[in-house]
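The values are calculated or read from the model by the stated rules, or taken from the named source; none is laboratory data. Computed from a predicted structure; not experimentally measured. Quick reminder, even Gly has a Cβ in these numbers, built from the backbone with ideal geometry, and neighbours come from all protein chains shown. Protein only, heavy atoms only, side chains kept; ligands, DNA and RNA dropped before computing areas. Shrake-Rupley method; radii C 1.70, N 1.55, O 1.52, S 1.80 Å.
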Amino acid sequence: CCRRPPVEFKLYMMPDKILDTHIAKSQVLLTPEEIAAKVPLTERAEQHVLKFRQQIENILNGTDSRKFVVVGPCSIHDLKAGREYAHKLKDLADRVSDRLLLIMRVYFEKPRTTVGWKGLINDPDLNDSFNIEKGLVLARQMLLEVAELGLPSANETLDPIIPQYISELVSWSAIGARTIESQTHRELASGLSMPVGLKNGTNGSIEVAINALKAARDPHIFLGINQMGQVSIFQTKGNPYAHVILRGGSGQPNYDAQSVAEVEAQLKAANLPSQIVIDCSHGNSNKDHRLQADVFRNVVGQILDENSSIVGMMLESNLSEGNQSIPSDLEKLKYGVSVTDKCLGWEETEAILLEAHERLSSQY
């Protein structure tokens, strides 16, 4: 008899509560084209990058009998110290070039297990001000100087947007252990213009690296930004120079001859080329930087025992040994000392590379 009228429900919600609910603020970033205009690629740098990419490809193909060594700071936080290291490495690279191709580790992005300094691009002033545009300019400047000096450079591809800003200055790249299972990074690796190394997982899993290798060598379609900053659809060809990096994990190194042989068998079973890089740091040195030299010597010994699968090695090295925390007073930063992982000092780095050159020269 007495039907109640329908209840009206009205939604009162501010537009800013629908989108970006947990975003404090945002700003428009300069496009890759605009950043490149501030630090343009020179003809000399371009020629060097192309030359070194080709040399790395030749080593991977086996048409160049040398081995490459990715060596340098865990991360670049001071361009002055980075330049000094680059000049020292260039002199050494010329001395060992008939047996070893030295590639400077010029890392600007740092993946964190929880929190911490995320690298020069994200926080160039080391004070949580996160001036990313400044970081991108500084990164290009450093890479440009390294290329013009006549050194190949290596980085880790972490943020999927960053490559459009700096990749034309990079000769070799890596996908790290924390991102190796990410579809985004596997697809990105398939489109990178340089050879790319794929690390095994932080738990030591080789399977994830082999799966990543399969993915990186295949074509993909994904979203990204172009040089003008427009969101674009990219179709890749697949990266034929993708390869595996063994970095150990969970307290278990995997640089020894038996571990390498097991990975060779897994690559063969997956119908993938047997091209292996050994990271002498991280899990393979149980995070003790002083053990990197022992790992490196062991790997050189395997090469001398005619292992043809090992194509390169990686070392974390800086002007001075060890590491330091970032102080609140940046004037107290020690020059040439890592602010991330502990590194070998320059003198030991030079000594073990010269020793490796001598050992390799005696056999070949």
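Set the Förster distance to 30 Å, then compute FRET efficiency between Glu262 and Leu291 from the Cβ-Cβ distance, nearest 0.05. The computed FRET efficiency comes out at 0.90. Rolling a 1.4 angstrom probe over segment 32-96 with all protein chains present gives an accessible area of which 43% lies on carbon and sulfur atoms.
By accessible area, using a 1.4 Å probe on protein heavy atoms only, segment 196-291 has 51% of its surface on carbon and sulfur. Rg/Rh for the chain stands at 1.05; both radii use Cα atoms, and Rh follows the Kirkwood definition. Taking the alpha-carbon centroid of each part, what is the distance from segment 184-226 to segment 304-364 in angstrom? Comparing the Cα centres of segment 184-226 and segment 304-364, I get a distance of 26 Å.
Out of all DSSP beta bridges in segment 79-236, what portion is antiparallel? Express it as a percent rounded to 5. Counting DSSP beta bridges with both partners in segment 79-236, the antiparallel share is about 40 percent. Put a dot 7 Å past the Cα of Leu354, heading toward its Cβ, do the same for Gln54, and the two dots end up 3.2 nm apart. Accessible surface area normalised per residue over the chain is 49 Å², counting heavy atoms of protein chains with a 1.4 Å rolling probe. Here Arg44 and Lys134 are evaluated by their C-beta separation; at R0 = 30 Å the FRET efficiency comes out at 0.75. DSSP beta bridges confined to the chain are antiparallel in about 20 percent of cases. Karplus-derived 3J(HN,Hα) values for segment 165-174, using 6.51 cos²θ - 1.76 cosθ + 1.60 with θ = phi - 60°, are 8, 9, 5, 5, 9, 10, 9, 8, 9, 9 Hz; glycine and proline are entered as x. Taking all Cα pairs closer than 8 Å and separated by 6 or more residues, the relative contact order of segment 278-364 comes to 28 percent.
Between Ser361 and Glu181, the C-beta separation translates, for a Förster distance of 30 Å, into a calculated FRET efficiency of about 0.15.
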